Structures are given as C-alpha cells and as structure tokens.
Amino acid sequence: MGDDSTAGIILAGGRGERAKPITLQSADYIRSKALIPFAGRPLIEWIVEACREQGIRRFYVVAQGMENRSQIKLVLGHGERYGVEINYSRSRFDQYNVGSGAATLHNLEQWDLTGPALVMPVDSLFDFSLDRLLATHTATDALVTVAAVTRTPQETANKYGVMRTTDQGLISGFVEKPRLQLIEHLFPEALATPHARTIATSAGMYLIDCGRLRLAARNAELIRLAQQRLDWGADLLPWLVGHDLPVAVEPIGRLGDLGSIGDYLTTLGEVLTGEYPQMNRAMERPLSKEPRYWIHESSLRTKDNATGTTLAQKIAEGSVVIGPGVRIGRHAEIGAGVHLQYTDIGDGVDVHEGVRLHRAALGDAAVVGAYAQISDSYVGPMAHVHSERDSPVRLDDHSAVGDGAHLWPGTRLSGVSVYPRLRVPAVSGLPAGTQLTSSDDILQWV
C-alpha cells in the first residue's frame with residue numbers, strides 16, 4: 001500500500017494464560033485478551049482510542065483462531081464506530097503466527113504494507129508520543145525504533161532485559177535480566193543519581209519501516225527462524241542488531257502491563273488516579289477531582305434495598321465513603337456503610353452494606369454480600385460473593401474470582417484464583433498461588 005501515514009498493527013493472538021481467570025468465560029472457553037474489561041470498556045477499545053488521538057486511522061489486527069478473531073470483530077467491526085479502518089489477518093495465515101515477530105513479518109507481506117507502522121501488543125497500555133517516535137525514527141534512519149520505558153537500576157535488576165545504546169541512540173546489544181552488580185558495571189551513570197530512571201527497557205511497542213523490514217525478512221536465516229519461533233524481544237531485535245541493521249530507542253511516558261492479575265490491578269489503579277495522561281483525555285470528566293472519582297448518574301439515583309436511599313444521599317450524609325481512584329458504572333447499587341478506594345465497579349453491580357473495597361475490580365453484574373473485605377483482588381462478571389455480617393468473605397493478595405463463580409460465607413482467600421462458575425464453600429488457609437479450576441480441586445481443601 002502506498003499510504004505513508006502511520007498504520008497501527010495490534011498483536012492480539014495470545015492466549016492470556018497469565019491473566020486467568022480474567023481471560024476465561026468458562027473453564028474451557030478463553031476470551032480474547034483484547035476483550036479484557038478495563039475501566040468500563042474492552043481493552044482493545046482504549047488502545048484504538050489512544051492511537052486514533054495521535055493520528056493513526058488504519059489498523060491491522062493479528063488474530064489467532066476462530067474465537068479470538070470473531071470476538072474482536074464483534075467489538076471493533078471494521079472501525080466504523082471509531083472513525084477508523086480496521087483490517088484482520090486471514091485465518092489461513094494463523095499457522096505462521098509462531099511468536100510475535102513471526103506474526104508481524106508474515107502479515108506485513110499479507111497486507112503489502114510499505115510505510116511506517118506502530119506494532120503493539122493487546123495486553124498493555126501505553127502513554128506515548130507518536131511524533132517523538134517518528135522524529136527519532138527519521139533522525140536515526142532506523143529500520144525499527146523501540147519504545148522504551150526507563151527504570152532505576154533497582155527496578156530493572158533480575159526482572160527486565162536492558163538495551164545498550166550508542167551515542168547516536170542506536171541499540172548495540174541486549175542484556176537479559178542482569179543482576180544489580182552487572183547493571184552498575186554497564187551503566188555507571190545510573191549510580192550518580194540513584195533515583196533517576198536511566199536504564200532503557202523495552203515496552204514491547206515498535207515503530208517499524210514496513211518496506212525495509214520486509215526486505216530484511218527475506219534473509220534465508222530469518223526465514224527459517226520465522227517458521228519455528230520468532231518473538232520480537234528475544235529473537236527478532238537481537239537478530240537485526242546482530243546483522244548491523246539500525247534499531248533505535250525512544251523513551252515513552254508510561255507502560256502498564258495487564259498480563260497478570262497483579263499487573264492488571266496495578267495498572268487499573270494508576271489509570272484511576274490519573275497517571276496516564278492519554279487515558280485522562282479519553283475517559284469522561286470525573287464527577288469529583290478531589291478525591292478523584294467517577295460515578296455514573298444512574299448509579300447516583302439508584303436506591304439500595306435495605307435503606308431505600310440513593311447513593312447520592314448516602315455520599316452526602318457520609319454513610320458511603322468514596323476515596324480516590326474510584327469508578328462506578330451504570331445502575332450499580334451501593335449499600336450503606338460501604339468504603340471504596342482505588343476500585344473499579346462495573347455496570348449493574350450490587351455492593352451490600354458494610355463492604356470494604358480497596359484496590360479491587362468488580363465485573364458487570366457482580367454481587368458482593370454484606371461486610372465483605374476485598375483488597376488487591378478481582379471479582380468477575382456475574383460472580384456472587386455470599387458474605388454475611390457474622391461470616392464475612394475476605395479476599396486479598398491478588399485473588400481472582402472468575403465469571404459467575406460463587407463464594408460461600410466465611411471464605412477467605414489470599415492469592416488464590418477461582419475459575420468461572422465454580423461454587424466454593426467456606427474455605428480458608430489455601431496457599432497463595434492455588435488455582436481452583438474444578439470441583440475436584442475444591443474437594444482437596446474442604
């Protein structure tokens with residue numbers, strides 16, 4: 001295609017294993033990572049919105065399999081609702097999607113792209129400037145410009161791969177998850193200001209020159225790699241740098257990973273507290289700026305069953321306390337004595353009296369019984385937490401309750417995942433990291 005405007009390529013084919021049970025609609029049915037509910041909308045809608053704001057009008061979605069492709073297309077269509085054009089990878093090319101790098105290379109040929117394109121995963125949020133990426137890309141004559149997040153040595157050590165760069169801003173090599181001592185040796189300038197974010201780590205977003213990358217991909221060695229396993233970070237970028245092809249780096253403002261329960265909740269909290277300027281512009285104006293929260297007008301008017309008073313009345317009289325970083329969707333029913341902080345509540349949710357929610361997410365139509373205490377945890381759509389005043393449910397430490405699951409009074413989970421539609425009796429003491437995937441798993445702990 002001869003259009004020189006920047007296109008958006010969304011890599012949406014992953015299975016979302018780390019984010020289970022958020023990515024499950026039932027024990028054996030995975031929803032696309034692109035459709036993870038986030039602050040009231042499917043994640044992929046926020047991604048399209050952020051890119052459209054910066055001038056991207058053509059999108060290409062790399063999907064994988066019938067369910068993944070059809071789910072995304074039901075949400076996005078061909079872009080009519082968003083004022084953009086959206087195209088999808090052909091199903092016959094799914095067999096070549098062996099890694100993010102291979103999927104990109106094969107589909108560049110399918111779509112016959114020649115101009116600049118921004119490649120991004122579907123399970124992350126970015127705060128970035130396309131103009132700055134393009135300026136660096138042009139100034140360095142780069143084949144690929146890597147969007148980077150700068151971190152302190154302490155944040156980077158043993159967790160992130162780092163990029164070594166030349167004075168011209170080109171990547172000269174990679175170091176995979178180095179120890180702190182090696183970082184201090186390789187980046188002595190980082191020691192001068194201990195709190196400065198001086199180590200460049202890849203954000204998983206790449207601005208590419210489609211035409212030149214397609215030419216590079218015709219190398220016989222790279223063709224072989226693309227037929228086996230070729231990921232962007234682990235394989236394709238090191239190969240390009242190792243063959244002296246120019247790969248540049250440009251820092252971006254922020255990266256929010258959504259690939260695990262903990263990362264999802266952390267990123268959600270950062271968005272709700274205003275740490276993503278692009279999301280600030282895309283979201284509706286908050287009802288209150290101090291503390292910062294959103295409540296849909298239909299929820300403000302909704303009366304709870306116990307007292308018959310509206311949420312607006314309860315907030316005014318102080319019987320419901322709304323702290324910072326709270327979003328409440330449509331037609332939610334909030335009981336008296338509820339305290340909320342850094343929490344996202346979906347449409348049609350019932351939160352009964354005395355509930356405490358802190359750094360939590362409740363999916364659409366979830367029900368949380370009286371005096372439940374939920375922190376750092378996720379409760380999926382239609383899930384029912386049967387908590388009672390004398391036998392409260394407690395969830396913390398990145399616990400997750402899947403769609404339509406039921407927890408009986410007295411249940412206490414810390415770092416435990418419950419798969420969709422399971423019914424969990426009053427259990428406690430399960431080790432962190434336990435996954436209740438079936439009734440057989442539950443029986444082991446009863």
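Could you check how many residues of the stretch 304-320 are open to solvent by 50 Å² or more (accessible area, probe 1.4 Å) and in contact with a helix residue (DSSP H, G or I) (Cβ under 8 Å, 6 or more places away or on another chain)?
1
Name the residue that is farthest from H106 (Cα to Cα), counting only residues in the stretch 57-70 that are in a helix (DSSP H, G or I) and of a type outside the set (D, E). Reasoning before the result, please.
Applying the first criterion (in a helix (DSSP H, G or I)) to the stretch 57-70 yields 65-70.
Then keep just the ones that are of a type outside the set (D, E); that gives 65-66, 68-70.
Values: G65: 16, M66: 19, N68: 18, R69: 17, S70: 21 Å.
My answer is S70.
Could you list, in sequence order, all residues of the stretch 394-403 that are surrounded by 20 or more Cβ atoms within 10 Å (Cβ to Cβ) and part of a loop (DSSP other than H, G, I, E, B)?
Of everything in the stretch 394-403, those that are surrounded by 20 or more Cβ atoms within 10 Å (Cβ to Cβ) and part of a loop (DSSP other than H, G, I, E, B) turn out to be H398, S399, G402, D403.
Take the residues in the stretch 68-87 that are in contact with a strand residue (DSSP E or B) (Cβ under 7 Å, 6 or more places away or on another chain) and under 20 Å from T23 (Cβ atoms); name whichever of them is surrounded by the fewest Cβ atoms within 10 Å (Cβ to Cβ).
So, considering only residues that are in contact with a strand residue (DSSP E or B) (Cβ under 7 Å, 6 or more places away or on another chain) and under 20 Å from T23 (Cβ atoms), the one surrounded by the fewest Cβ atoms within 10 Å (Cβ to Cβ) is K73.
Answer with yes or no whether V247 is at pLDDT 90 or above and over 21 Å from the mean Cα position of the chain (by Cα).
For V247, the condition - at pLDDT 90 or above and over 21 Å from the mean Cα position of the chain (by Cα) - is met.
Can you name the condition, by its number, that V48 falls short on among (1) part of a strand (DSSP E or B); (2) at pLDDT 95 or above?
Result: V48 passes all but (1).
Select from the stretch 404-416 the residues that are in a loop (DSSP other than H, G, I, E, B) and either of a type in the set (A, V, I, L, M) or open to solvent by 50 Å² or more (accessible area, probe 1.4 Å) (or both) and list them in ascending order.
A405, W408, V416
Tell me whether the stretch 167-183 contains one or more residues that are without any contact (Cβ under 8 Å) to a residue 12 or more places away in the chain, of a type in the set (A, V, I, L, M, F, W, C) and open to solvent by 40 Å² or more (accessible area, probe 1.4 Å).
yes
The values are calculated or read from the model by the stated rules, or taken from the named source; none is laboratory data. Please read all numbers here as calculations on a predicted model, not as lab measurements. Cβ: placed from backbone, ideal geometry, glycine included. Neighbour counts: every protein chain shown. To get the accessible areas, we keep the full protein, side chains included, count just its heavy atoms, and leave off ligands, DNA and RNA. Shrake-Rupley method; radii C 1.70, N 1.55, O 1.52, S 1.80 Å.
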